[in-house]
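So the structure is just underneath, and the comments pick up after that.
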Amino acid sequence: MSAVNPISSPVDEVIPDRRDKFSFADYVGPVVVFLVFIGFWYLLSTVVLPEQKRFLLPTPHTVIKEGFFVWNSGERRGLQPILMSLWDSAKVALLGLGITIVMGMSLAVLMSSSRWLERATWPYLVAVQSAPVLALTPLIRALIDGTQTQRLLVVVLIAIFPIVSNTLFGLLSADKSQHELFTLQGASKWTRLVKLQFPAALPNIFVGLRISAGLAVIGAVVGDFYFRQGGVVGIGAQIDVYRNRLWGPELITAIILASTLGLVVFLFFGWVSRRAIGKWHIINRGH
Amino acid sequence: MNNSSSTSPSSTLLSFENVSMTFDDGTKALDNVSFGINASEFVTVVGPSGCGKSTLLRIASNLEANTGGTCSIDRNSIGYVFQDATLMPWRTVARNVELIAELHKLPKAERHQLAAQAIELVGLSGFEDKYPRQLSGGMRMRASLARSLVMKPKVFLFDEPFGALDEITRERLNDELLRLFQHEGFAGLFITHSITEAVYMSTKVLVMSARPGKIIAEFDVPFAYPRNHDLRYEAEFGELCGKISHALRGAHQ
Ligand SMILES: Nc1ncnc2c1ncn2[C@@H]1O[C@H](COP(=O)(O)OP(=O)(O)OP(=O)(O)O)[C@@H](O)[C@H]1O
Ligand SMILES: [Mg+2]
């Protein structure tokens, strides 16, 4: 093969590498929405809410002053106890998410390899997805020992569906002709999975991951709402305490930080996704 | 079903003997097709759409099992070029070209070397690290060709590989494929809808009837290789095209 001269080089043009470039407009959007949000908040807490109910929603500057800028004023008030409980919940959310990813992706692989198993499993996955976890708490408490395990279970129950459905959809998305290419080489089922189906599924897997990651944070917050231990409290339990005592600034601070955790996890997986598949995955916006 | 994996005694690398194909739903796609292809023969099949041309290649490559007759081919040495390039979008050109060698578990160093040679041969040097989405249709087809070339198959099956390309690109790829054919000496079975392409490429052109597909005419192409682009405008060439066109017209009714 090496003996002959190479044939003429192609003059076909290479399609230029066009990616979504960050621009000024990309930053303006979120900032504008943020300002609108803050304005709306002020409107609610100073005009819309009747005078005697304004303690429920303190103004943004009150929240910053009394929630974020108080380190620790005893009775679990202040930024330090909030961050501690946030960290506690974050650990549950991340560990739970890890378990969810392993379980969900394994299940999707099994389902993709057997039509029978796929049909047998779907209804129950949908049922888990729509079951109110709140109603299941007594059952979970009766069946499982240890708050930590109970909390992890809640995370898995809440977060598993998007991983399974998106991974499965992705695994089944490879072209027929690509499959035939593998068939022609006598590729094994495993080779096909690793070299064809799994890479083809990656864009969908990352969509599932981002959704599940957000749900895992919700699951952790909900979980420690219902399953708590004496001393250790997660952010959900902390929020419950502030809510009962009507400590507005701390309550809002805790909520903001819990949402921030969800946002960070979401952005993290977006970043991983761009690193992993950004080079080849085509995003069609239609313009 | 009746595929035997040994080569026939002569230098015939691919042979169909009374091959018939009826699909499960009762569609009769092929009816008693018989022909053989030797090494260094390039046979092109033309025929109306839906007459069973792709089915012929799918039987040869064992993607489909024929319901009658015998198809003999060395199954370990087939190159199959699909109508679309079927590149993996997550692999670079180099990694795509390596794929088949990788599936045959060749060692990495050997794989790299074979892929580099094939890439050079199809004129894609310098594009090794591009992803398929960065290539034009013609370049994708070159990469697809290179991928099949890596294992140096003895029999090459082409299912309308250049059907989606513009005429200039198609003609250029015709020349390049002929060059590879001359150099590698494989047996080629080529499907196309273009009579000019069929005559320009082949040692022999077969015309198939509408479904169920039968071989209704056979034309030997007398022109020597290497063939020149201008051959297409010579009288003898045009005359042969005319005859094939006439046979094809008959096939359509
Ligand atoms: N799996 C299948 N089951 C039933 N019928 C099929 C199947 N595959 C192909 N056919 C039918 O067999 C006939 C031949 O199909 P084939 O794809 O070989 O045609 P073709 O000559 O390649 O057509 P074209 O030129 O349009 O590519 C068609 O009528 C098609 O509908
Ligand atoms: Mg076809």
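The values are calculated or read from the model by the stated rules, or taken from the named source; none is laboratory data. Note that the structure is predicted; figures quoted are calculated from it, not measured. Quick reminder, even Gly has a Cβ in these numbers, built from the backbone with ideal geometry, and neighbours come from all protein chains shown.
Looking across region B:75-89 at every residue that is out of contact with any Ser or Thr (no Cβ under 7 Å at 6 or more places or on another chain) and surrounded by fewer than 20 Cβ atoms within 10 Å (Cβ to Cβ), the one that is farthest from the other protein chains (Cβ to nearest Cβ) is identified as B:SER77. Screening B:GLU64 with (1) more than 14 Å from ligand 1 (Cβ to nearest atom); (2) on the phi < 0 side of the Ramachandran plot gives one miss only, at (1).
Checking each residue in region B:107-134 for being within 22 Å of the chain's Cα centre (by Cα) and not in a helix (DSSP H, G or I) picks out B:VAL122, B:GLY123, B:LEU124. If you go through region B:113-157 and keep only what is free of Cβ contacts under 8 Å to residues at least 24 places away in the same chain and either acidic (Asp, Glu) or more than 7 Å from every other protein chain (Cβ to nearest Cβ) (or both), you end up with B:GLN113, B:ALA116, B:GLU120, B:GLY126. Looking only at residues in region A:147-189 that are among the small types (Gly, Ala, Ser) and closer than 30 Å to A:LEU95 by Cα, the one that is surrounded by the fewest Cβ atoms within 10 Å (Cβ to Cβ) is A:SER173. On the given criteria, is B:PHE162 of a type in the set (Phe, Trp, Tyr) and within 16 Å of ligand 2 (Cβ to nearest atom)? Taking the combined requirement at face value, the residue satisfies it. Looking across region A:144-187, the residues that are without any contact (Cβ under 8 Å) to a residue 40 or more places away in the chain, closer than 19 Å to A:SER114 by Cα and among the hydroxyl-bearing types (Ser, Thr, Tyr) come down to A:SER173, A:THR183. Each residue in region A:180-212 was checked for being among the polar types (S, T, N, Q), facing chain B (nearest Cβ under 9 Å) and part of a helix (DSSP H, G or I), and 2 of them qualify. Look at (1) at pLDDT 90 or above; (2) assigned to a loop (DSSP other than H, G, I, E, B); (3) over 24 Å from A:VAL194 (Cα atoms) and you find that B:TRP90 fails only one, number (3).
For region B:208-215, the criterion of being modelled with pLDDT of 90 or more, within 14 Å of ligand 1 (Cβ to nearest atom), buried (at least 22 other Cβ atoms within 10 Å of the Cβ) and closer than 27 Å to B:LEU124 by Cα is met by none of the residues.
Answer yes or no: is there a residue in region B:138-157 that is buried (at least 22 other Cβ atoms within 10 Å of the Cβ), among the aromatic types (Phe, Trp, Tyr) and within 14 Å of ligand 1 (Cβ to nearest atom). No. Candidates are the residues of region B:158-176 that are within 12 Å of another protein chain (Cβ to nearest Cβ) and hydrophobic (A, V, I, L, M, F, W, C); the one that is surrounded by the most Cβ atoms within 10 Å (Cβ to Cβ) is B:LEU173. Checked against the criterion of being away from chain B (no Cβ under 14 Å) and farther than 30 Å from B:LYS105 by Cβ, region A:171-179 contains not a single residue that satisfies it. Of all residues in region B:90-112, those satisfying the criterion of being over 21 Å from B:GLU160 (Cα atoms), more than 9 Å from every other protein chain (Cβ to nearest Cβ) and either touching a residue at least 24 places away in the same chain (Cβ under 8 Å) or of a type outside the set (Asp, Glu) (or both) are B:VAL93, B:ALA94, B:ARG95, B:GLU98, B:ALA101, B:LYS105, B:LEU106, B:PRO107, B:LYS108, B:ALA109, B:ARG111, B:HIS112.
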